[in-house]
């Protein structure tokens, strides 16, 4: 478990993170989201002990990460997958890390196989593609079979098969008891991967909690309704009930402001035959934009 309590980080006169408190739970995948400049990288670096908070506390499994006698088994991290010597092979790179914790050579072979790098393990890292470099970074993070995994943009540069592999990997690790924190700008992928979300904006906490709850609290869901006869009576009844009704086609309504059960009850009361009644939750992307609209550093003008 990762715990941040009232954490603030200043660089001179600039506040990068302010009064930040949240918990990353064990056996869950937590997505760390926010626009550029929100404080995500600073937060991850404080968790890993690379930056010291100006105030507040950061604990991993109840203590600062820097106090752990075997840090590679406590946290596996990938912040910059390409911060490696380009002249080394992947095998040599991983073996040098393994030696710091007296990990057996077979563990290097295991993570190479797990990440699909066995056939290129002896090639120079400088010849690797972006996706291969990402896989190597993940291999290094997994080397110590850590209790906690921290990954910054792990699917960057991966093809669809690689993206699916990372998703299944982190979910599998979480199901086995690993604490997983993943930062990403890909909302569609995070929606399929994360159990919980932590959303930052301008260094402050904007939202935190289970994914469905965060999305529901930031957006308005709708109900798609298709009628088998004249939708007029139902439309009038919905308007009287204070619902918003958008009539896209002759027999299709998009209803906001009331739950699907209420729509069904009004259809019954007005004698409207329904061919379709489907609650539609807003997307994570819509929720993200709603939550961070006032925390974006750079905005482009809207297209005309």
Can you pull out every residue in the stretch 97-110 that is in contact with a helix residue (DSSP H, G or I) (Cβ under 8 Å, 6 or more places away or on another chain) and not in a loop (DSSP other than H, G, I, E, B)? 97, 98, 105, 107, 108, 109
Give the residues of the stretch 121-136 that are surrounded by fewer than 23 Cβ atoms within 10 Å (Cβ to Cβ) and assigned to a helix (DSSP H, G or I), sorted by residue number. 125, 126, 127, 130, 131, 132, 133
Tell me, please, whether a residue that is free of Cβ contacts under 8 Å to residues at least 40 places away in the same chain, farther than 25 Å from residue 136 by Cα and not in a loop (DSSP other than H, G, I, E, B) can be found in the stretch 60-76. yes
Any residue that is assigned by TED's automatic domain parsing to the domain that holds residue 172, over 23 Å from residue 194 (Cβ atoms) and in a loop (DSSP other than H, G, I, E, B) - is there at least one of those in the stretch 145-158? no
Just one listed residue, out of 79, 94, 117, is more than 21 Å from residue 177 (Cα to Cα), surrounded by fewer than 19 Cβ atoms within 10 Å (Cβ to Cβ) and touching a helix residue (DSSP H, G or I) at 6+ places or on another chain (Cβ under 7 Å), and it is 79
Filter the stretch 207-221 down to the residues that are touching a residue at least 60 places away in the same chain (Cβ under 8 Å) and not in a helix (DSSP H, G or I), then identify the one that is surrounded by the most Cβ atoms within 10 Å (Cβ to Cβ). 207
Quick check on my filter: what residues within the stretch 159-180 are part of a helix (DSSP H, G or I) and in contact (Cβ under 8 Å) with a residue 12 or more places away in the chain? 162, 163, 165, 166, 167, 169, 170, 171, 173, 174, 175
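The values are calculated or read from the model by the stated rules, or taken from the named source; none is laboratory data. Because the structure is a prediction, the values reported are computed rather than measured. All Cβ positions, even for glycine, are placed from backbone atoms using ideal geometry, and neighbour counts span all protein chains on display.
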